[in-house]
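Structure, as structure tokens:
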Amino acid sequence: MAITPEEVRKVAYLARLLLSEDEIAEMAAQLSRILEYMEILRGVDASHVEPMAHPLELTNVFREDRVAPSLPREEALKNAPKHDGECYLVPAVLGPA
């Protein structure tokens, strides 16, 4: 399956990428080779292979959560540029409330 330069342009537009004509041609060729390889893999019998989430055996390296005293509110707000004594005050991001 070949990827056309027009398809690369469309995906680049959707991804907000500015590609030169040389880059578009190179991407079309590379993506076409990737899809050709995927077609080869499609023909491989993998019915005996167990599904997996990761190719390596991994274990969780995070420590267990422990309940601990939190920072007092006054201490947490002490260095805030703006606060109302209870919460941080920050500029609106989505427009007026």
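What follows draws every value from the coordinates through simple rules; no lab data is involved. Quick caveat: nothing in here was measured; it's all calculated off a predicted structure. Cβ: placed from backbone, ideal geometry, glycine included. Neighbour counts: every protein chain shown.
Just a few scattered comments:
- Within region 27-59, considering residues that are of a type in the set (V, I, T) and in a loop (DSSP other than H, G, I, E, B), the one surrounded by the fewest Cβ atoms within 10 Å (Cβ to Cβ): T59
- Region 60-88, residues that are surrounded by 10 or more Cβ atoms within 10 Å (Cβ to Cβ) and among the hydrophobic types (A, V, I, L, M, F, W, C): A76, L77, A80, C87
- Residue list for region 47-73, restricted to those being small (G, A, S) and within 28 Å of the chain's Cα centre (by Cα): A53
- Tally, over region 3-26, of residues that are exposed (fewer than 10 other Cβ atoms within 10 Å of the Cβ) and part of a loop (DSSP other than H, G, I, E, B): 4
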